Amino acid sequence: METLENVNGTDIRDRIILLRGFRVIVDADLAELYGVSKRRLNEQVRRNISRFPPDFMFELSAAEKSKVVANCDDLSQLRYSPTLPLAFTEHGAVMVAAVLNSARAVEVSILVVRAFVEMRQMIGLVSDLAERLDDIESRYDEQFRVVFNAVRALMAEPGEKSEPRRIG
């Protein structure tokens, strides 16, 4: 297990994945970050299940588990696990820290929240950039449309083909 000094926002952001339209952290990664075993984490979650509505936590399907194991190198140990992993959203990860009730869990939960906030900000910047590109593209499309229309007008002169001009 990692010491708190080795846990940083980049480590946490690397563990956040997109499933079912939510950005989540799988229970194995969250347990490692909080410094407890996966079994202990899941035990505390099951004892306090009323604190984890579906938008805080959900169980992965077998297909989702296979996809996660194939795409995330750090979750390869889940391949042979008989149980399906749990996925925690930002709010679920904070709630796990509350039910674990340890100093490390509280400290790491702050880092987890910051990582989720940074990801939201990055996504906001990307969507802002996409809007600006769409705006620029639409302006240039209008300018180029005028050029293309002028070229087409020159190409489609009315009347039949005239005889070629003599040169010289």
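The values are calculated or read from the model by the stated rules, or taken from the named source; none is laboratory data. The structure presented is a predicted model; accordingly, all values stated were derived computationally and were not measured. Glycine also receives a Cβ, built like all others from the backbone with ideal geometry; neighbour counts cover every protein chain displayed. Each accessible area value is taken on the protein alone, full model and side chains, heavy atoms only, with ligands, DNA and RNA left out. Shrake-Rupley method; radii C 1.70, N 1.55, O 1.52, S 1.80 Å.
General remarks:
- The residues listed here are 66, 76; of these, the one that is in a helix (DSSP H, G or I) and at pLDDT 80 or above is 66.
- Yes/no for residue 98 being at pLDDT 85 or above, in contact with a Leu (Cβ under 6 Å, 6 or more places away or on another chain) and not acidic (Asp, Glu): no
- Flag if residue 126 is hydrophobic (A, V, I, L, M, F, W, C) and modelled with pLDDT under 80: yes
To keep it simple, each residue is scored yes or no on (1) open to solvent by 50 Å² or more (accessible area, probe 1.4 Å); (2) under 23 Å from the mean Cα position of the chain (by Cα).
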| residue | (1), (2) |
| --- | --- |
| 42 | no, no |
| 54 | yes, yes |
| 61 | no, yes |
| 84 | yes, yes |
| 88 | no, yes |
| 120 | yes, yes |
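- Candidate set: region 26-39, residues that are touching a residue at least 24 places away in the same chain (Cβ under 8 Å) and closer than 17 Å to residue 101 by Cβ; chosen: the one surrounded by the most Cβ atoms within 10 Å (Cβ to Cβ): 30
- If the condition is being touching a Pro at 6+ places or on another chain (Cβ under 7 Å) and charged (D, E, K, R), then region 16-73 contributes 27, 65.
- Neighbours by Cβ (under 6 Å, 6+ apart or cross-chain): first from region 98-119, over 21 Å from residue 50 (Cβ atoms) and in contact (Cβ under 8 Å) with a residue 40 or more places away in the chain; second aromatic (Phe, Trp, Tyr) and buried (at least 22 other Cβ atoms within 10 Å of the Cβ): 108/34
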